[in-house]
Amino acid sequence: MSTTSPIRMTMGPAGLSNLLERVDDGLAQGLLPVEVFNDEAVFQAEMERIFARAWMFVAHESEIPNKGDYVLRRIGLDPVIVSRDDSGQIRVMSNFCRHRGAQVCQSDHGNTSHFRCPYHGWTFKNNGDWAGAPHAQEAYGGRLDAREWGLLRAPRVDTHQGFIFASLSEEGPGLKEFLGGAAWVLDAICGMHPGGMRVVGVPERTQVRADWKSGAENFAGDAYHIDTLHFGNEQADYVEGLRQNNDFANALVLDGGHGFLCHSFVEMLGPFGEYSVYPAEIKERFDFSGLDEVQRQMVKERPPSVGNIFPNLGFIRFPGTAEAGKPPAVYTSFRQWQPVAPGVMELWSWQFTWNFMSDEEARPGYTAGQYNFSSAGIFEQDDTVAWEGAPRVAQSVWNRKSGMQFNYQQGTGGRVKREPDSTWRGPGVLYRKAYGEFGQMGFYGQWLEMMRKKA
Ligand code: FES
Ligand SMILES: [Fe+2]
């Protein structure tokens, strides 16, 4: 059982620039100082420099299909309402009342024309405009300026493949530029049928005593852990072939800190492994007309299987057991590593299915997803326990005094030659086999670049 010290150590704001220099020096040698995983100063800077600037995933359009639909989400530590207003436009609004800051909307999801604050009753339209207040005549001599007293709105909102992203910064690259090659990968993931995908059920959320970056770096390219940490699942006869994982996992490293693993299921399993090992009756319903030639070949032979879109949107599509004695089903989950406090995150997990499938047809994939990656998922439980180590090291006096740094040296030092696949025609750089930790290094390189730009 892990313990957390009641005394919290922090380097303070003055120590932060020194740490970022150490990170820069460290990354050049494949090293990372442990303080990045649990420190107040680092966490605050992440909120200001990354989470208040980057394009943050907040919801999928299928979660709010109708006018008036809304869901409650977060951007960094800020609670937001994601709504489809009466004109059909998607809005991302602060869930803090402009009057005295009470949380305006309290229910996780629903449909409404107005949000009414529980404290004094100020009321806002579903586009965020101020709409009225109790006793407005006596209290304010009439109406307040609806625009001036509306809910704060995220200055930029955009979508890609139905994924809604918001940026709290008015400046910076647009969504397509920010996603870069990850937009192309997302197109391939969701474009195996022109009808696209939808969310099934509501996202599950669990608090984990781990830093959000541990989830991000793991999904950005850590195939190395699979046949060790998860091997108990093979010993329990739940899965097969984990030992071959490193040979069949390719690392796709993209600019902007995004990274994916693409498993060569066809090399592993032959034609049966085509298209992420979807069963034949689903394979024949796919329609790849919206994909380019490279995407088509990729989804057929070595589809994206795991990934992280910077900073904190994870993805996994894998075959897994749906029910004892039944054939495996393929699940697709997007997940988010939501920071809560230094060394603590909330893990959000959305399950997706194809729009061409009914809810009944989606059930095996959903069940397989929950068995594998949910708070009770057999793989997720392995991962989250392992990730609890880093924040504990970061709070250890002994480790801090020793200048402890973690090892990311698979791709450095020239001890083993790592050549990119010269035949790859998609975006980014593809490595056959996933050794090298290039995805993780790409993630921390982007993290450092954003952390160095003061607000
Ligand atoms: S805090 Fe919302 S109406 Fe007063
Ligand atoms: Fe894992």
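The values are calculated or read from the model by the stated rules, or taken from the named source; none is laboratory data. Just so it is clear, the structure is predicted and the values come from calculations on it, not from any experiment. Virtual Cβ from ideal backbone geometry, glycine too; neighbours counted across all protein chains shown.
Quick notes
- Condition check for Ala251: surrounded by 15 or more Cβ atoms within 10 Å (Cβ to Cβ) and over 23 Å from Pro391 (Cα atoms): yes
- Within region 175-192, not a single residue is part of a loop (DSSP other than H, G, I, E, B), without any contact (Cβ under 8 Å) to a residue 24 or more places away in the chain and away from ligand 2 (no atom under 16 Å from the Cβ).
- If only residues of region 169-182 that are closer than 11 Å to Asp158 by Cβ and under 16 Å from the mean Cα position of the chain (by Cα) are counted, the one that is surrounded by the fewest Cβ atoms within 10 Å (Cβ to Cβ) is Leu175.
- Where Gly414 falls short, out of the listed (1) in contact (Cβ under 8 Å) with a residue 24 or more places away in the chain; (2) of a type outside the set (Lys, Arg); (3) on the phi > 0 side of the Ramachandran plot: (1)
- Considered as a group, the residues in region 183-193 that are touching a strand residue (DSSP E or B) at 6+ places or on another chain (Cβ under 7 Å) and within 18 Å of Leu252 (Cα to Cα) include one that is surrounded by the fewest Cβ atoms within 10 Å (Cβ to Cβ), and that residue is Ala183.
- Enumeration of residues in region 432-450 that are buried (at least 21 other Cβ atoms within 10 Å of the Cβ), touching a Leu at 6+ places or on another chain (Cβ under 8 Å) and either at pLDDT 95 or above or on the phi > 0 side of the Ramachandran plot (or both): Gly439, Met441, Gly442, Tyr444
- Counting the residues of region 96-105 that are surrounded by fewer than 23 Cβ atoms within 10 Å (Cβ to Cβ) and within 26 Å of the chain's Cα centre (by Cα) gives 2.
- When residues in region 304-320 are screened for being touching a strand residue (DSSP E or B) at 6+ places or on another chain (Cβ under 6 Å) and in a loop (DSSP other than H, G, I, E, B), 1 of them pass.
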